[in-house]
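Chemist: The structure's right below; bear with me while I get my questions together.
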Amino acid sequence: MRLDQTSDLWWKNAVIYCLDVETYLDGDGDGVGDFGGLIRQIDYLAGLGVTCLWLMPFYPSPNRDDGYDISDYFGVDDRLGDFGDFVDLVRTANDRGIKVIVDLVLNHTSDEHPWFEEARARRDSPKRSFYVWRDEPSDEPKGIAFPDRETSNWELDEDTGQYYLHRFYRFQPDLNLANAAVRDEIAKMVGFWLQLGVAGFRMDAVPFMLELDGIAEQVEGDPHGWLRSLRAFACRRTGDTMLLGEVNTGLKDLARFFGDEDGDQLNMQFAFLLNQNLWLALAREDAEPLEATIRSLPQPPPDNGWATFLRNHDELSLDKLTGPQREEVFAAFGPEDGMRLYGHGLRRRTASMLGGDGPRLRMAWSLMLSLPGTPVIFMGDEIGMGENLDIPDRMSVRVPMQWSDDANGGFSTAPAKELVRPMTGGAFGPAKVNVAAQRREPDSLLNWMERLIRRRKESPEFGWGASELIETTEPALFAHRCVWQGSVVVAAHNLSGESVRCTLELGVQKGEKVQIDDLLEERRHEPGTDGTLDVELGPYGYLWLRVRRQGERALS
Ligand code: NOJ
């Protein structure tokens, strides 16, 4: 295995950590997290082993959608700091070997963005065509993102008597990407943040951004051509810029977002279909939904890949499952009405859904970190934080980080009523779940995650290699093999609470002499002479193995 080759295409062996500056650590005691606080915790993140931070929106914003409603793409929300603080963060992170990517929200602006204020001032405003207008509302495009709050994707602007398109809330008017002036502004933003040192972008709502339904008359050319040219532009500025797209769409369209064969659009896409079927598999304690999804997903082009995750900052969307499948996941992980959202999602976090720290939670993390692709961890999941269901809708999972059992979980010294968002309480509150206590406990979830992340980075076969499912006779067992430059790793996960025994095909020739290194625990394994290995996995057991051919040195 040529490890030196993993120094290109950094995203293929990255471990990405998503955080919101606003809720991470309050450095100045005003109740709001800030860049100063985050900079103090960079060594914590370096110790955890993550290699890339994804910063949720930190731009000036009226904050009606937690910063996904941007009023200035070239600024920093002054509650969080200023450009100096931003640059210090990027520099400090880079010094510790951590890259920074930022959220790029191009589908829409805030209705308080000066472009929209100008656009809605009069029909002949030069900024009018920055947005999408019609004389009559339409039932296209189909689908409402937030059905609890909106009933249409078109909103009447009373003063000018036309309707504007908004795929999300009505205060988030959609930008008209067909307009060359809008595209120029976008290129300017991408160039600006690259110049400040970011390594790439998490692109919000990509399919919505590119869709033509209901607006075809305003758009010329293939919108994917624009995405291709944006990627080319970003890579001209900084050769290894990574674009990671939020693409929760149907199977048949996914490949197009990488860019057909040559992968010249998004370097990475969040694997939403995989995520939804992973939760179905966990609910059923049966590997089949996960296996079927992996078989059906398009193979990303060689330089591209999937970003895998257990949970993110939104609802756990189950919108691509069938109704009965969704009900199974609801019954297992969201039995109460208040845990559900929009009829298709759950507003809970990983640890609380999986019963807190224990074999099942650790198995789920081990599975996620070994799936083909690049893992993305949501802040606080490394210590097993839970949600606060008293906070409305998706915000229930975006609670402040729990650093200690001090007041406000050590997040802020401000009075609790002044916090940007309330803390979690109960079994998952800071008294029970916090970084300081888990640092001291050798077998805590935090220390275990740190070891798992280290192993993941030492096993580039998972991110770079070709992956194959291993057939076994045990329905609860998910087993796969990843092969990269002749080096083989095998992972097996028991999704059920019952022990299983099985035989794994190691992917070597019959009679070939191999040794097996257990990558996670001190276990000895004796492979058969027929290229197989018998294993027994306890309830929610898991293992990662490297198959070492005769004469090959153990890596560690
Ligand atoms: C997806 C983001 O993840 C979500 O939080 C946001 O509300 C919408 N896009 C709109 O920007």
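The values are calculated or read from the model by the stated rules, or taken from the named source; none is laboratory data. Keep in mind that this is a model prediction, so the values were computed, not measured. Ideal geometry is used to build each Cβ from the backbone, glycine not excepted, and the neighbour counts take in all protein chains shown. For the accessible areas, the whole protein counts, side chains as well, though only heavy atoms, and no ligand, DNA or RNA atoms are used. Shrake-Rupley method; radii C 1.70, N 1.55, O 1.52, S 1.80 Å.
Chemist: What is the gain in length, in nm to one decimal, between R501 and R440 on full extension, counting 0.36 nm per residue of separation less the C-alpha to C-alpha distance?
Modeler: Stretched out fully, the R501 to R440 stretch lengthens by 18.4 nm.
Chemist: Net charge near R237, counting Lys/Arg +1 and Asp/Glu -1 over other residues with Cβ under 14 Å of its Cβ?
Modeler: +2
Chemist: Okay, next question. So what's the back-of-envelope 222 nm ellipticity for the chain, counting only DSSP H runs of four-plus at -39500 (n - 2.57) apiece and dividing by all residues, rounded to 500?
Modeler: Calculated mean residue ellipticity at 222 nm is -7500 deg cm²/dmol.
Chemist: Could I ask something else about it? How far apart, in nm, are two points set 7 Å out from the Cα along the Cα-to-Cβ line at D184 and at Q509?
Modeler: It is 6.3 nm.
Chemist: Compare the peptides 403-415, 136-148, 488-500, 186-198 by average per-residue count of other Cβ atoms within 10 angstrom and give them in order, highest first.
Modeler: On the way: 403-415: 18.6, 136-148: 12.8, 488-500: 21.8, 186-198: 16.5.
Highest-to-lowest ranking by the protection proxy: 488-500, 403-415, 186-198, 136-148.
Chemist: Using all Cα-Cα distances in region 321-380, what percent lands in each 5 angstrom bin from 0 up to the longest?
Modeler: Histogramming region 321-380 at 5 Å steps yields 4, 16, 22, 22, 22, 13, 2 percent.
Chemist: Sort E458, E288 by accessible area with a 1.4 Å probe, largest first.
Modeler: Highest to lowest solvent-accessible surface, that is E288, E458.
Chemist: By DSSP, what percent of the beta bridges with both residues in the chain are antiparallel, rounded to the nearest 5?
Modeler: On the way: 41 of 68 bridges.
The antiparallel proportion sits near 60 percent.
Chemist: Would you work out the relative contact order for the chain, in percent, from Cα pairs under 8 angstrom that are 6 or more residues apart? Please list the in-between numbers first.
Modeler: Details: 1155 pairs, mean separation 69.2, N = 556.
Once divided by the residue count of the chain, the mean separation gives 12 percent.
Chemist: Additional query: How big is D for the chain, in µm² s⁻¹ as a whole number, if Stokes-Einstein is applied with the Kirkwood radius of its Cα pairs at 10 °C and 1.306 mPa s?
Modeler: Taking Rh from Cα pairs, D becomes 65 µm²/s.
Chemist: A further question follows. For R123 and T529, what is the calculated FRET efficiency with R₀ set at 56 Å and r taken between the beta-carbons, to the nearest 0.05? Walk me through the numbers on the way to the answer.
Modeler: On the way: r = 80 Å, r/R0 = 1.43.
Taking R0 as 56 Å, the efficiency between R123 and T529 is 0.10.
Chemist: Ordering C52, C235 from largest to smallest accessible area (1.4 angstrom probe), what's the sequence? Walk me through the numbers before you get to the answer.
Modeler: Numbers: C52 0, C235 35 Å².
Largest accessible area first, the residues go C235, C52.
Chemist: Which aspartates and glutamates does K252 reach when only Cα atoms under 14 Å apart count, and residues fewer than 8 places away in its own chain are ignored?
Modeler: D260
Chemist: What number comes out for the charge environment of G27, summing +1 per Lys or Arg and -1 per Asp or Glu over other residues with Cβ under 10 Å away?
Modeler: For residues surrounding G27, the net value is -4.
Chemist: Could you give the dipole magnitude of region 1-116 about its Cα centre, charging the beta-carbon of Lys and Arg +1 and that of Asp and Glu -1, in debye to the nearest 20?
Modeler: The dipole magnitude comes to about 760 debye.
Chemist: Can you tell me the dipole magnitude for region 309-400 around its Cα centre, using point charges on the Cβ only (Lys, Arg +1; Asp, Glu -1), in Debye to the nearest 20?
Modeler: Dipole size: approximately 200 debye.
Chemist: Pop the C-beta distance of T473 and D4 into the FRET formula with R0 = 35 Å and round what comes out to the nearest 0.05.
Modeler: Here the calculated transfer efficiency is 0.30.
Chemist: With contacts defined as alpha carbon pairs under 8 Å and 6 or more residues apart, what's the relative contact order of region 1-137 in percent?
Modeler: Relative contact order here is 20 percent.
Chemist: Placing unit charges on C-beta atoms (Lys and Arg positive, Asp and Glu negative, everything else neutral), compute the dipole magnitude of the chain about its Cα centre in debye, rounded to 20.
Modeler: Here the chain has a charge dipole of around 1600 debye.
Chemist: Accessible area per residue of the chain at 1.4 Å probe, in Å²?
Modeler: 39 Å²
Chemist: Can you give the FRET efficiency to the nearest 0.05 for I144 and H224, using r as the Cβ-Cβ distance and R₀ = 30 Å?
Modeler: Once the sixth-power term is evaluated, E becomes 0.75.
Chemist: If you don't mind, there's one more thing I want to ask. Using only alpha carbon pairs under 8 Å that are at least six residues apart, calculate the relative contact order of region 400-556 and give it in whole percent.
Modeler: 16 percent
Chemist: Cα centroids of region 425-504 and region 309-342: how far apart, whole angstrom?
Modeler: Going from one Cα centre to the other spans 23 Å.
Chemist: A follow-up question, please. Taking the mean number of other Cβ atoms within 10 Å as a proxy for protection, how do you rank 534-544, 8-18 from highest to lowest?
Modeler: In decreasing order of mean packing, 534-544, 8-18 become 8-18, 534-544.
Chemist: Return the distance in nm (one decimal) between the two label points of a simple spin-label model at L251 and L520, each offset 7 Å from Cα along Cα→Cβ.
Modeler: 2.8 nm
Chemist: Enumerate the lysines that K188 could reach by cross-link, defined here as Cα to Cα under 29 Å, with residues fewer than 8 away along the same chain left out.
Modeler: Partners within reach: K12, K99, K127.
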